Amino acid sequence: MNKDKSKTANSSLPETEQSAVIQNDTQDSQPPAGDKTALVTIIGRPSAGKSTFLNTASGEMISIVSSIPQTTRNAIKGIVNTSLGQLVFVDTPGYHESDKKMNLRMRNIVADQLANADSILYVIDSTRACGDEEKLITALLKGHEDKTVCAVNKIDEKASNPAMVRKFLSVQLPELKGENIIDTSAKEDQGINDVLKALYAMAKPGPHLYPEEFYTDQEVDFRIAEVIREQAINRLEQEIPHCLYVQIADMEMRSPTKMWCRAFLCVEKESQKGIVIGKGAQMIKTIRVESIKQLRKLFDYKIDLDLQVKVDKNWRQNDLRLDKLLK
Ligand SMILES: Nc1nc2c(ncn2[C@@H]2O[C@H](COP(=O)(O)OP(=O)(O)OP(=O)(O)O)[C@@H](O)[C@H]2O)c(=O)[nH]1
Ligand SMILES: [Mg+2]
């Protein structure tokens, strides 16, 4: 789909630094987007493939992905422009039952985004049984069937059972039209265009929400923090990925082609600090180097990263911290 590169709306950098984020304007050879507009909230269980869908549909690395459930923690916008119009997707945290403070906040983020949506994209992992967790989501979608498209995802996997998902949907959401239940592989780019077509069919003409050259609304510091978190959680195990957040302490454009950034990988306990640093500091070095490589793909300037680990004791119980991180 739209391959326009790298405009980030709402950049927090000063103007000269913002301009460094913006690339390839002159290479814009796409025809203007059509006149339809819709705000589409993506909903589904943790690890269903919501963020992968958004990245594949937009052709950009907008939202971080990992095999660890509860990777996405915020409502993250990704914008897809085609000859039919503009779809503004909102990726959301995986929806599941848990009384933990952080999960309750993430569920509120999902509920808010559902309330704002013109349409809903419900992503189901067809390799897993549709149990009580899935019913929690279909309960939210009751009454919204006419504006819901369902992606039956991971059909590339051997364990995929789309017939089981369709049966589940026919019981839980009988009003959902068959033509709006679509087999997909977000990872292998199968069925994605059909999902977009179904969403455009529901969308109404209206003014676009973003200029066409933007593909996300994320601030530069948030994107950097997310890339570092992605590199960290994909290398760390057990509870550590869930105990991490990234704090950007400083960002400075040192030349038009180089930014300096100081970031902290924050953990909950002293014992976790050693794991993230690793033997001979090998783990933190790898996370730093791989983050720099990924960031190079997103921005047209190099980012010189000063990355350290620090303890923010029991931050997941800290309301002020959660207020800041889970907006
Ligand atoms: N085989 C296969 N794997 C997929 C597909 N889509 C996503 N995945 C994998 O599933 C895992 C979770 O993907 P994400 O996109 O992070 O899932 P999510 O729904 O955003 O997860 P949360 O943010 O935790 O709610 C990753 O390992 C992806 O590579 C697919 O179509 N096929
Ligand atoms: Mg996600």
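The values are calculated or read from the model by the stated rules, or taken from the named source; none is laboratory data. Note that the structure is predicted; figures quoted are calculated from it, not measured. Cβ coordinates were reconstructed from backbone atoms using ideal geometry, including for glycine residues, and neighbour counts include every protein chain displayed.
General remarks:
- Filter pass, GLU134 being in contact (Cβ under 8 Å) with a residue 12 or more places away in the chain and either outside any loop (DSSP other than H, G, I, E, B) or more than 26 Å from HIS208 (Cα to Cα) (or both): yes
- Among residues of segment 243-269 that are acidic (Asp, Glu), those with a Cβ under 8 angstrom from a residue that is in a helix (DSSP H, G or I), sequence gap 6+ or separate chain, pair up as GLU268/CYS243; GLU268/TRP315; GLU268/ARG316.
- Any hit, segment 87-108, residues being in a helix (DSSP H, G or I), within 16 Å of ligand 1 (Cβ to nearest atom) and over 30 Å from GLU268 (Cα atoms): no
- In segment 55-66 there is at least one residue that is within 11 Å of ligand 2 (Cβ to nearest atom), at pLDDT 95 or above, surrounded by fewer than 21 Cβ atoms within 10 Å (Cβ to Cβ) and of a type in the set (Ser, Thr, Tyr).
- Of ILE224, ILE228, all but one fail to be assigned to a helix (DSSP H, G or I), among the hydrophobic types (A, V, I, L, M, F, W, C), closer than 24 Å to LYS327 by Cβ and out of contact with any helix residue (DSSP H, G or I) (no Cβ under 6 Å at 6 or more places or on another chain); the exception is ILE224.
- Hits in segment 149-161 - residues which are surrounded by 12 or more Cβ atoms within 10 Å (Cβ to Cβ) and more than 24 Å from the chain's Cα centre (by Cα): ASN161
- Qualifying residue in segment 253-262 (condition: assigned to a loop (DSSP other than H, G, I, E, B), over 30 Å from THR127 (Cα atoms) and not charged (D, E, K, R)): yes
- Residues of segment 48-57 that turn out to be near ligand 1 (Cβ under 7 Å from one of its atoms) and more than 11 Å from the chain's Cα centre (by Cα), as a count: 1
- Candidate set from segment 71-115 (those that are within 17 Å of LEU54 (Cα to Cα) and surrounded by fewer than 20 Cβ atoms within 10 Å (Cβ to Cβ)); member that is farthest from ligand 2 (Cβ to nearest atom): THR82
- Of the numbered criteria (1) touching a helix residue (DSSP H, G or I) at 6+ places or on another chain (Cβ under 9 Å); (2) crowded, with 17+ Cβ neighbours inside 10 Å; (3) under 20 Å from MET102 (Cβ atoms), the one MET259 fails is (3).
- A search for C-beta distances below 8 Å between a residue of segment 181-195 that is more than 20 Å from SER66 (Cα to Cα) and any residue that is of a type in the set (D, E, K, R), counting only pairs 6+ apart in sequence or on different chains, returns ILE181/ARG166; ILE182/ASP194; GLY191/ASP183.
- Consider segment 84-102 and keep the residues that are modelled with pLDDT of 95 or more and among the polar types (S, T, N, Q). The one that is farthest from PHE214 (Cα to Cα) is THR92.
- Put simply, of ASP312, ASP304 the only residue that is farther than 18 Å from LEU244 by Cβ and surrounded by fewer than 19 Cβ atoms within 10 Å (Cβ to Cβ) is ASP304.
- Filtered residues of segment 295-327 (kept if farther than 22 Å from GLN231 by Cβ and hydrophobic (A, V, I, L, M, F, W, C)): LEU320, LEU322
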